[in-house]
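*Asks:* Can you keep this structure in mind? I'll have questions shortly.
The values are calculated or read from the model by the stated rules, or taken from the named source; none is laboratory data. Treat the numbers as computed from the prediction; the structure is a model and nothing was measured. Using ideal geometry, Cβ is built from the backbone for each residue, glycine included, and neighbour counts are taken over all protein chains shown. To get the accessible areas, we keep the full protein, side chains included, count just its heavy atoms, and leave off ligands, DNA and RNA. Shrake-Rupley method; radii C 1.70, N 1.55, O 1.52, S 1.80 Å.
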Amino acid sequence: MTDLKAQEKAAKKAEKARQKRIAQDEKAERKRFAKNGFSNPANPTRSVALTAVCAIFAVYCLFPFVYLMINATKTQADFTSTFGLGFGRTFALWDNIATVFTYQDGIFARWFLNTILYVVLGAGGATLLAIMGGYALAKFRFPGRKACFVIIIGAISVPGIALAVPQFLLFAKLGLTNTPASMIIPSLVSTFGLYLMWIFSDQAVPDELLEAARVDGAGEWRTFWQISLPLLAPGIVTTALFAIVATWNNYFLPLIMLKDSDWYPLTIGLNQWKDQASTAGGQAIQNLVITGSLITIIPLVIAFLMLQKYWQSGLAAGAVKE
């Protein structure tokens with residue numbers, strides 16, 4: 001029994017000494033890398049200042065979400081009479097959610113479905129076109145390919161809001177304003193998504209694999225759908241998320257294109273509710289606006305959490321050149 005305790009004590013002492021040597025080696029390694037002007041990702045330097053900056057940035061990002069969650073539990077009276085980051089006297093979250101979906105004959109549900117329609121057709125179509133266009137530009141050589149690259153880079157630098165008025169004038173001439181087409185058609189073009197899929201396709205799909213498929217008798221269409229597309233999954237998810245967020249949060253385009261409230265997306269509809277109190281005889285419903293905003297961001301949060309691993313790997317595309 002005495003020998004066993006002595007062995008355990010000696011083992012603990014040896015392990016403690018080993019951990020101390022490892023800590024000393026890591027410290028020496030960090031000093032050596034820092035002296036040469038490099039950092040070692042496998043043995044990162046622990047920085048209190050960097051941790052503090054990241055914590056401040058995290059608070060900055062989470063603050064609006066926390067504000068929505070707290071104030072969505074308040075009644076209209078509590079919202080105007082209590083501190084913004086404090087809970088009200090009555091927990092009214094479930095009542096607010098029910099009222100959001102029944103107020104004005106359930107118009108919020110119509111706005112929600114409209115937004116989903118614009119996202120599925122607009123963002124979905126933009127993602128599909130970006131995949132096919134980026135793959136073609138990366139894997140095929142044709143006259144005008146360099147000109148396409150210049151046009152795409154130039155289009156990325158043009159803000160979307162600068163194109164809204166010309167788009168409105170064009171759609172007005174075609175008689176498509178105040179229709180779902182005026183929201184879906186402009187959303188089909190995603191120059192950043194096209195550029196992202198171009199870069200990702202160039203690196204993710206080996207040319208040797210395509211040549212082997214062609215030798216085996218596979219056509220270009222079959223090669224794209226059965227061989228290339230699975231390899232492009234991270235880039236596809238990243239492109240889709242960017243397109244979904246851009247369409248879901250689109251405000252200025254529906255503001256100038258749509259007049260009928262039955263075709264409003266959530267962004268315009270909630271803004272109309274917010275401005276309701278400033279109209280003659282209007283009723284203040286800030287508690288419903290806050291609750292509706294919370295409901296609006298939940299699908300985006302779920303999408304990002306479910307597709308996070310693909311999104312992160314897609315963002316890293318093009319960062320390292322083999």
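*Asks:* So what are the ³J(HN,Hα) numbers for segment 296-307, from phi and the Karplus equation (6.51, -1.76, 1.60; θ = phi - 60°), rounded to whole Hz, Gly and Pro as x?
*Replies:* The phi angles translate into 5, 8, 4, x, 5, 4, 5, 4, 5, 5, 6, 10 Hz.
*Asks:* Could you name the lysines whose alpha carbon sits less than 25 Å from that of residue 173, not counting residues in the same chain fewer than 8 places away?
*Replies:* Qualifying lysines at Cα under 25 Å: 259.
*Asks:* Suppose R0 equals 25 Å. What FRET efficiency, 1/(1 + (r/R0)^6) with r the Cβ-Cβ distance, do residue 298 and residue 178 give to the nearest 0.05?
*Replies:* For residue 298 and residue 178, the calculated efficiency is 0.30.
*Asks:* Quote the FRET efficiency, to the nearest 0.05, computed for residue 141 versus residue 233 with a Förster distance R0 of 45 Å and r equal to the Cβ-Cβ distance.
*Replies:* Once rounded, the FRET efficiency stands at 0.95.
*Asks:* Separation of segment 214-235 and segment 44-120 by C-alpha centroid, Å?
*Replies:* 43 Å
*Asks:* Packing-wise, with mean Cβ within 10 Å as the measure, how do 216-224, 190-198, 265-273, 49-57 rank, highest first?
*Replies:* Descending mean neighbour count gives 190-198, 265-273, 216-224, 49-57.
*Asks:* So what's the net charge close to residue 140: Lys and Arg +1, Asp and Glu -1, counting the other residues with Cβ under 15 Å from its Cβ?
*Replies:* Every neighbour counted, the sum reads +1.
*Asks:* Here's a follow-up. Kindly rank 11-22, 133-144, 104-115 from highest to lowest mean number of other beta carbons found within 10 Å of each residue.
*Replies:* Highest to lowest by the protection proxy: 104-115, 133-144, 11-22.
*Asks:* Tell me which of 302, 196, 228 sits at the most positive position along the dipole axis of segment 104-319, charges placed on C-beta atoms (Lys, Arg +1; Asp, Glu -1).
*Replies:* Farthest along the dipole direction, towards plus: 196.
*Asks:* Also, I was wondering about something else. For the chain, build the charge dipole from Cβ charges (+1 Lys, Arg; -1 Asp, Glu) around the Cα centre, then report which of 97, 111, 213 sits farthest towards its positive end.
*Replies:* Selected residue: 213.
*Asks:* How far, in nm, would the chain grow between residue 252 and residue 128 when pulled straight, counting 0.36 nm per residue and subtracting the alpha carbon separation?
*Replies:* Extending this stretch completely gives an extra 42.2 nm.
*Asks:* Pull up the cross-link candidates among the lysines for residue 146, meaning alpha carbon to alpha carbon under 25 Å and not fewer than 8 places away within one chain.
*Replies:* Qualifying lysines at Cα under 25 Å: 321.
*Asks:* Using a 1.4 Å probe, what is the accessible area per residue for the chain, in Å²?
*Replies:* I get 62 Å² per residue for this part.
*Asks:* Another question, if that's okay. Using each residue's phi in segment 142-147, evaluate 6.51 cos²θ - 1.76 cosθ + 1.60 at θ = phi - 60° and report the 3J(HN,Hα) Karplus result to the nearest Hz, with x for Gly and Pro.
*Replies:* 8, x, x, 5, 5, 5
*Asks:* Let a ≥ b ≥ c be the square roots of the eigenvalues of the Cα gyration tensor of segment 48-90; is it rounded (a/c under 1.5), or, if not, prolate (a/b larger than b/c) or oblate?
*Replies:* prolate
*Asks:* So which lysines can residue 5 reach, going by Cα to Cα under 27 Å and dropping same-chain residues fewer than 8 places off?
*Replies:* 13, 16, 20
*Asks:* From the C-alpha gyration tensor of the chain, pull out the three semi-axes of the equivalent ellipsoid (sqrt of 5λ each), sorted largest to smallest, in whole Å.
*Replies:* 45, 38, 18
*Asks:* If you roll a 1.4 angstrom probe over the protein chains with everything in place, what fraction of the accessible area of the chain belongs to carbon and sulfur, to the nearest %?
*Replies:* C and S fraction of accessible area: 67 percent.
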